[in-house]
1. Among (1) part of a strand (DSSP E or B); (2) away from every other protein chain (no Cβ under 14 Å); (3) surrounded by 18 or more Cβ atoms within 10 Å (Cβ to Cβ), there is one condition B:THR65 misses while meeting the rest; what is its number?
2. Test A:SER354 against the criterion of being surrounded by fewer than 16 Cβ atoms within 10 Å (Cβ to Cβ) and either without any contact (Cβ under 8 Å) to a residue 60 or more places away in the chain or part of a strand (DSSP E or B) (or both), and give yes or no.
3. I'd like to check something: does region B:70-82 contain any residue that is surrounded by fewer than 17 Cβ atoms within 10 Å (Cβ to Cβ), free of Cβ contacts under 8 Å to residues at least 24 places away in the same chain and among the hydrophobic types (A, V, I, L, M, F, W, C)?
4. Looking for something more than 16 Å from the chain's Cα centre (by Cα), open to solvent by 10 Å² or more (accessible area, probe 1.4 Å) and closer than 28 Å to A:GLY230 by Cα - is there at least one such residue anywhere in region A:295-310?
5. Inside region A:137-189, can you point out the residues that are among the basic types (Lys, Arg) and buried (at least 23 other Cβ atoms within 10 Å of the Cβ)?
6. Show the residue pairs meeting these rules: Cβ distance below 8 Å; 6+ apart or different chains; first residue within region B:192-206 and charged (D, E, K, R); second residue surrounded by fewer than 24 Cβ atoms within 10 Å (Cβ to Cβ).
7. Taking the condition closer than 28 Å to A:GLU176 by Cα, open to solvent by less than 10 Å² (accessible area, probe 1.4 Å) and either in contact (Cβ under 8 Å) with a residue 24 or more places away in the chain or not in a strand (DSSP E or B) (or both), does A:VAL281 pass?
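The values are calculated or read from the model by the stated rules, or taken from the named source; none is laboratory data. Note that the structure is a prediction, hence the values are computed from the model and not measured. Positions of Cβ are generated from backbone atoms using ideal geometry, with glycine treated the same way; all protein chains shown enter the neighbour counts. For accessibility, only protein heavy atoms count, side chains too; no ligands or nucleic acids. Shrake-Rupley method; radii C 1.70, N 1.55, O 1.52, S 1.80 Å.
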Amino acid sequence: MTQADTTTRTQIDRAAVEALSARLNEPDWVLKRRLEAWAAFEEAPMPDPLDEEWRRIDTEKLSLDGIAPCVPVSADVTAPSSLPDSLRTVWDEEEDLAGRVIQLDSDVVHTSLDEDAAAKGVIVTDLHTAAAEHPEILREKLATAVRPQEWKYLALQAALRSGGCLVYVPEGVEIELPVKYGIGLASAQAGLFPHLLLVAEANSRVTVIQEGISADQPGLVSGAVEVLAGPGANVRFVDVQRWGYGMQNFATMRALLEKDATFQSILLGLGGSITKSRLDVKMQGDGSNTELLGLFFGDRDQQFDYDTRQDHVGARTESDLLFKSVLSDSAALTWHGVVDVQPSASQSAANQTSRNLLLSDKASAAPTPILEISAHDVASCSHGATVGPVDEEQIFYLQARGIPADVAEQMLVDGFFAEVLERVPSERMQERVRAVLDTKLGR
Amino acid sequence: MTEDNDGQPIFVIEDLHVSVEGKPILKGVDLVINRGEVHTLMGPNGSGKSTLANSIMGHPRYEVTKGRVLLKGEDVLSLTPDQRARNGLFLAFQYPMGIPGVVMGNFLRAAMKARHGEDLPVREFRKLLDEKLDLLKMDPSFVRRYVNEGFSGGEKKRAEVLQMALLQPELAVLDETDSGLDIDALRTVAEGINALRGPDLGVLLITHYQRILDYIKPDIVHVLLDGRIVKTGGPELSGELEEKGYDWIIQEFAPANAGVAPATAGSSAGGGD
């Protein structure tokens with residue numbers, strides 16, 4: 001059987017791509033795209049530590065050896081209770097949601113959508129079902145914001161993509177509650193290649209929360225997120241990254257905004273041993289705007305490397321980035337953020353702020369904001385970055401009110417998180433993230 | 001001087017020497033405050049007033065090289081700032097720190113719990129808080145804001161007095177709580193402080209200006225100059241300072257420093273801000 005065939009694979013190669021496509025009974029055009037992506041992956045060199053893009057992380061820890069593409073889960077998963085304990089929160093029945101797509105290893109095991117939204121034409125499903133039932137959407141939209149050829153790990157993702165999630169919101173439809181794409185990885189030494197395609201047609205409104213989680217184990221994830229926001233659309237995207245310690249994590253997230261579209265993203269980066277994450281927003285339409293929030297907590301020897309781009313193409317576009325990190329032990333975070341204001345982007349405004357709190361002498365943060373401005377009449381452009389320990393004067397102020405130094409530090413760290421965390425549009429998710437933070441802080 | 005029931009002053013400073021980054025600022029300060037008394041410490045800019053306030057509270061940047069600071073007979077210099085606060089010391093900051101992300105209400109509860117050793121039931125806390133907000137003419141929405149973040153000068157100073165009202169210290173040091181306030185805010189803050197006066201509380205009111213003394217009548221006035229208390233007197237001393245400025249004191253006690261003392265000390269002492 002094909003399943004036996006894939007389970008015995010211990011290596012990522014061209015045969016693995018063909019086997020996956022065969023198992024999924026994909027049409028030829030899909031297999032063709034996968035093989036093109038595979039060729040692009042093979043052509044691109046492995047990360048070179050001398051390369052500007054890769055010099056900020058420890059490339060020796062990047063390896064595909066012994067990683068096999070993950071396979072269908074053997075057990076029937078029909079309810080959260082059949083998930084392994086460590087992955088349980090990825091499928092949280094208590095969470096107030098408009099819809100959910102739950103992926104375990106390579107496959108989506110559960111899909112739901114509230115009837116009201118379905119009646120309005122909203123589509124929430126996995127990408128294989130989408131290819132069969134809504135080929136016109138996939139053919140036109142999939143891999144338009146992200147191109148396999150642009151990056152080695154994205155080519156790998158495009159070749160081996162499985163499961164995946166499509167959220168399609170028709171023109172003028174507003175969904176109040178979030179849609180969740182939960183991804184759990186149960187297998188060790190496995191490669192996981194999820195893909196979220198979010199299409200928000202004109203004047204629609206939607207929030208999507210993506211949460212990825214695994215136990216502490218070696219493995220590799222390369223995910224793609226594409227957001228296509230039509231004219232006047234309002235899209236909010238939350239990414240909760242809780243891969244286990246030991247995982248290599250690569251992500252490419254890109255949003256294309258048409259006229260007057262609004263896009264807000266909140267990245268919560270907590271897990272993985274090495275994270276290389278790319279977030280780009282292209283404000284093509286006049287008057288489109290974006291807010292990019294990030295909250296990262298590294299401990300042990302976790303490494304986080306974020307590349308962001310705020311591309312201003314349309315006139316009167318606005319972008320604002322706020323990334324906050326807390327780093328303990330020997331964790332390291334780098335952020336390389338480009339604001340590109342093109343000549344057509346007159347009267348645009350951009351801001352970048354990076355705040356990094358170091359809780360140990362060995363922790364480090366290296367924020368690099370970069371402004372590239374070629375428009376002549378920019379409304380405003382600003383950036384700022386700070387790196388340092390908890391403010392001694394703030395500690396003293398709290399101590400002067402009787403609060404012991406260790407409690408004071410906790411309050412300051414919590415306060416530091418609050419600014420971003422309070423804006424996550426799900427209280428249960430906020431609680432979960434707080435619990436992870438508490439564990440990392442040894443509370 | 002009057003003494004409390006135990007026959008012991010609430011607060012004693014003995015021969016206090018303090019350096020900042022190796023530079024001596026306080027050069028032997030002596031002070032005795034009894035329960036129920038309000039002492040005013042005046043002096044020109046740079047005389048060491050804020051250094052004294054911060055040293056009393058235990059700011060890590062201020063190094064005590066000699067002397068003792070006794071609260072209820074116990075030397076507090078070996079205690080951490082939070083232990084001092086829990087023992088009944090309070091410092092109203094000249095420049096209260098903004099703390100983004102920490103909500104005022106939660107901060108006040110944590111401070112109350114630390115000072116009084118137990119968590120007050122929410123309803124009781126709320127009632128007490130409303131009472132004190134009312135006293136200081138503060139809007140209840142204040143409780144939901146981040147600590148001192150985006151506060152006006154007047155709001156910050158009111159917030160300091162509010163904390164003092166909730167924490168009920170036994171010795172309160174008010175470091176230029178009057179600076180940066182317009183006349184209405186000054187009156188409100190002064191009324192708040194007056195409401196907290198009582199037989200158990202000692203107050204050290206540090207000020208550059210005389211005008212807050214129109215509202216708060218001190219029992220004793222000290223003049224700090226070049227790290228030493230050079231003159232101590234009754235309320236009439238502050239009147240004299242208003243009239244004549246600091247120049248005559250500088251001439252009398254530190255003529256060598258007369259050249260470096262701010263030339264405006266005389267006029268600003270009487271003129272407010």
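1. Here B:THR65 clears every test but (3).
2. For A:SER354, the condition - surrounded by fewer than 16 Cβ atoms within 10 Å (Cβ to Cβ) and either without any contact (Cβ under 8 Å) to a residue 60 or more places away in the chain or part of a strand (DSSP E or B) (or both) - is not met.
3. Yes, some residue in region B:70-82 is surrounded by fewer than 17 Cβ atoms within 10 Å (Cβ to Cβ), free of Cβ contacts under 8 Å to residues at least 24 places away in the same chain and among the hydrophobic types (A, V, I, L, M, F, W, C).
4. No; the residues of region A:295-310 include none that is more than 16 Å from the chain's Cα centre (by Cα), open to solvent by 10 Å² or more (accessible area, probe 1.4 Å) and closer than 28 Å to A:GLY230 by Cα.
5. Once the filter is applied, which keeps residues that are among the basic types (Lys, Arg) and buried (at least 23 other Cβ atoms within 10 Å of the Cβ), region A:137-189 yields A:ARG161, A:LYS180.
6. Within 8 Å, the pairs are B:ARG197/B:GLY36; B:ARG197/B:VAL38; B:ASP200/B:ARG35; B:ASP200/B:GLY36; B:ASP200/B:GLU170.
7. When the stated conditions are applied, A:VAL281 passes them.
A quick yes/no check of all residues on (1) assigned to a helix (DSSP H, G or I); (2) in contact with a Cys (Cβ under 7 Å, 6 or more places away or on another chain); (3) open to solvent by 70 Å² or more (accessible area, probe 1.4 Å); (4) touching a residue at least 40 places away in the same chain (Cβ under 8 Å):
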| position | (1), (2), (3), (4) |
| --- | --- |
| B:ARG84 | yes, no, no, no |
| B:PRO96 | no, no, no, yes |
| B:PRO100 | no, no, no, yes |
| B:GLY105 | yes, no, no, no |
| B:ARG115 | yes, no, no, yes |
| B:PHE125 | yes, no, no, no |
| B:ASP130 | yes, no, no, no |
| B:LYS137 | no, no, yes, yes |
| B:PHE142 | yes, no, no, no |
